[in-house]
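Colleague: A single structure is presented below for examination.
Nothing in this text is a laboratory measurement; each read-out follows from the coordinates by a stated rule. On a predicted model such as this, the values are computed, not experimentally measured, just so you know. Heads up, the Cβs are rebuilt from the backbone with ideal geometry, glycines too, and the neighbour counts pull from every protein chain shown.
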Amino acid sequence: MFKNALWGAVGIRVNWEAGLDLAVQTGFDGVDVSGAQMRDAVAAGGAEKFLEPLRERHLVVGPWGLPTRWQGSDEEFQADLPELARQAAAAQACGADRCCTWVPSWSETRGWDENWQFHVDRFGQIARVLGDHGVRLGLEFLGPETLRRNHPHQFIYDCDTMVKLCREVGPNAGLLLDCWHWHASGGTREQLAALQDSDVVQVHVNDAPRGVELPDLVDNQRCLPGDTLVIDLPMFMQELARMGYTGPVGVEPFNAEVSAMPDVPAAFRVAASLDYLWSLI
């Protein structure tokens, strides 16, 4: 596994090359990328031109976000698939073989069975397009009860059920595994122990505030990993090591204090939290 910079998730807004320099300065191994950016760069100058500044800095390409309006109408969804194919082809040329998105833990209109089939159908089509270009699809479940409790229909919010969905979607589908959502869902070590590297596409790490019961956790009130150890991060990291996880690990705290810091101190603070996690392995 490698330390991956998610600058937007910690409130850092820098251009591409400044973000690469900041990653090197603070000890990251890789950076998230944009599918559209890769598409444009490959069209303009080829993959080697895009990869040159990363290779000069000894950085690897991290995941990219799913660009498809997969929750939209059939017309919107079908209209987006050609663009997905274009971005996937560029990603393949650049070695960016992990594409991820999150899945709402609720629906306003669809009951469980209908919603399950909807997700299998939509993500199945997406996974086939990505798979044609050697790209894996990562799906993130959302654990906090506060996200779903006021909606008429609940949906997937835990690790085991998301694994089942991924297996129905296709062989290149797996988890975007966030320890915050795993913890908020009441996750167990047994769930993690059942996973292998092939089940996990991307990992996010965070911590939870002290004194808040699981049903009351609010999604945008998180801590940097290791700040509280309310989440059993030593065990979480040991399970990643046990499964031989080879992918990116990024910090996504949505933390107001970190977001308010100047860019460089914030980046060092986030990097230090990952260094601490690596020391637990």
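Colleague: Based on other C-beta atoms within 10 Å, arrange Cys99, Cys94 from fewest to most. Intermediate values should be presented prior to the final figure.
Modeller: Details: Cys99 29, Cys94 23.
Ordered by Cβ neighbours within 10 Å, fewest first: Cys94, Cys99.
Colleague: Please give the calculated 222 nm ellipticity per residue for the chain, where each DSSP H segment of at least 4 residues contributes -39500 (n - 2.57) and the sum is spread over every residue; nearest 500 deg cm²/dmol?
Modeller: Numbers: 12 runs with 130 residues, N = 281.
Calculated mean residue ellipticity at 222 nm is -14000 deg cm²/dmol.
Colleague: Which helices count as membrane-span-like in the chain under these terms: full DSSP H, at least 20 Å along the axis by C-alpha, Kyte-Doolittle mean of -0.5 or more?
Modeller: On the way: long enough: 74-94 (30 Å, -0.41); 112-131 (27 Å, -0.59); 263-279 (24 Å, 0.54).
For the chain, where a helix must reach 20 Å along its axis and average at least -0.5, the hits are 74-94, 263-279.
Colleague: Here's a follow-up. Antiparallel DSSP bridges in segment 18-153: what percent, to the nearest 5?
Modeller: Of the beta bridges lying entirely in segment 18-153, close to 10 percent run antiparallel.
Colleague: Provide Leu81, Leu192 in ascending order of the number of other Cβ atoms located within 10 Å of each residue's Cβ, fewest first. Write down the numbers at each step before the final one.
Modeller: On the way: Leu81 15, Leu192 22.
Sorted ascending by nearby Cβ count, the order is Leu81, Leu192.
Colleague: Taking every DSSP beta bridge with both residues inside the chain, roughly what % is antiparallel (nearest 5)?
Modeller: Details: 3 of 26 bridges.
Just about 10 percent of them are antiparallel.
Colleague: Mind giving me the nanometre distance, one decimal, between the label points for Glu190 and Met235, set 7 Å out from Cα along Cα→Cβ?
Modeller: Reported label-point gap for Glu190 and Met235 is 1.2 nm.
Colleague: Quick one: Cα centre-to-centre distance for segment 69-111 and segment 213-281, in angstrom?
Modeller: Cα centres, segment 69-111 to segment 213-281: 27 Å.
Colleague: Amide H neighbours of His204 under 5 Å, counting only residues 5+ apart in sequence or on other chains, H built in-plane at 1.01 Å?
Modeller: Leu177, Asp178, Cys179, Gly250
Colleague: In nm, to one decimal, how far is the modelled label at Ala79 from the one at Arg167, with both set 7 Å along Cα→Cβ?
Modeller: 3.8 nm
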